[in-house]
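The values are calculated or read from the model by the stated rules, or taken from the named source; none is laboratory data. Everything numeric in this text was worked out from a predicted model, so none of it was measured. With ideal geometry, Cβ positions are generated from the backbone for all residues, glycine too; neighbour counts draw on all protein chains shown.
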Amino acid sequence: MRLGGAILLCLALSASARADEPPEAEARKAYMHAQSLFDAGQFSPALAEYQRSYALASYPAILYRIGLCQDLLGRREEALASYRKFLADAPKSDRRDAVETRIHQLELAAMPSAPPAPPPPTEKPPELRWVREEMARVQAEQEQKRAAEERQRAEQQRQRDRDLRIVEAKKVGAPLRIAGGVMIPLGVALFGLSFAIIPDLDSTRRSIASYPTNMPWGGDGDALVAKLNTDTNGMIAMWSIALASTATGIVLVSVGAAKRSRAIARARGADR
C-alpha cells in the first residue's frame with residue numbers, strides 16, 4: 001500500500017478500534033488537513049498540521065511528510081533530522097532508498113565546498129493521488145446512494161398519489177348508486193304491499209257473485225262493482241310504480257358503478 005494510504009488506513013483503524021480516544025480521530029483529521037494544504041502548495045501550514053498529527057499518533061510514516069515539508073521550506077537541518085528518524089523508525093520502508101539519497105544530497109549541501117543540493121521533487125506524491133481517488137470513489141458512492149434514495153422517495157410519493165386518486169375515484173357515481181340503492185328496495189316493498197289488496201278483491205268478487213239473482217241490481221251492487229274496480233286499479237298502479245322504481249334503481253346503480261369503474265381504471269393507469 002502506498003505511504004499516504006497506509007497512514008490513512010492506520011489512523012482510521014485506530015480511530016474505529018478505539019473510538020473513545022479522541023487523539024486518534026484528531027490525528028487523522030490533522031493529517032487529512034495537512035494533505036490538502038500540501039496539495040495546495042501551502043507547505044508551512046501543512047508542516048504544522050503534520051507535526052500535530054504526529055504528536056497525537058506517532059506513526060513513523062508521518063515523519064516522511066514532515067521531513068518533505070521542511071525540505072521544501074529550506075529547513076535542511078530539520079529535514080535531515082526528520083528523514084533520519086523516519087529511517088530509524090521504519091527501516092523497511094519502500095522509500096528507504098529515495099530518503100537515503102536525499103539525506104546524502106543534504107549532507108553534501110551542508111559542506112562549504114559542495115555545490116548546492118538539488119531541490120526535492122515538487123510533483124505531487126503518488127499517495128496524494130490515491131487520497132484524491134479514494135475521496136472521488138466515496139463521493140461517487142454517496143451520489144449513487146442519494147440518487148437511489150431520491151428514486152425511492154419519488155416512487156413512494158407516486159404510490160401515495162395513486163392511492164389517493166383511487167380513493168377519490170371510488171367516490172365517483174356514489175350519488176347515483178345511493179339513489180338506486182334506495183329506489184330498488186322501495187319498489188320491491190311497494191310490490192309486496194300491493195298483495196295486501198288481494199284479500200279485499202277476493203271478498204268483493206265473492207260478494208258480487210253471491211248477489212241474489214232474484215233481486216234487482218241496485219245501489220249495493222253498484223257500490224261493490226265500484227269497489228272492485230278501485231281496488232283493481234290501485235293494485236295495478238302499485239305494480240306499475242314498483243316496477244318503475246325497481247327498474248330505475250337498477251339503471252342508476254349500473255350507471256354509477258360503471259362511472260366508478262372507469263374512474264378507478266383511469267386512476268390506476270395515470271402513471272403508465
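Points worth noting:
- Any hit, the range 146-156, residues being surrounded by fewer than 14 Cβ atoms within 10 Å (Cβ to Cβ), under 25 Å from the mean Cα position of the chain (by Cα) and modelled with pLDDT under 80: no
- Among the residues of the range 142-176, those that are of a type in the set (A, V, I, L, M, F, W, C) and within 30 Å of LEU252 (Cα to Cα) comprise LEU164, ILE166, VAL167, ALA169, VAL172, ALA174, LEU176.
- Residue match in the range 80-92 (condition: at pLDDT 90 or above, part of a helix (DSSP H, G or I) and exposed (fewer than 13 other Cβ atoms within 10 Å of the Cβ)): yes
- Against the numbered list (1) at pLDDT 85 or above; (2) loosely packed, with under 11 Cβ neighbours inside 10 Å; (3) more than 30 Å from ALA263 (Cα to Cα), VAL188 comes up short only at (2).
- Filtered by the rule that a residue be small (Gly, Ala, Ser) and not in a helix (DSSP H, G or I), the range 148-203 gives a lone residue, GLY173.
- In the range 204-219, the residues that are modelled with pLDDT of 70 or more and assigned to a helix (DSSP H, G or I): THR204, ARG205, ARG206, SER207, ILE208, ALA209
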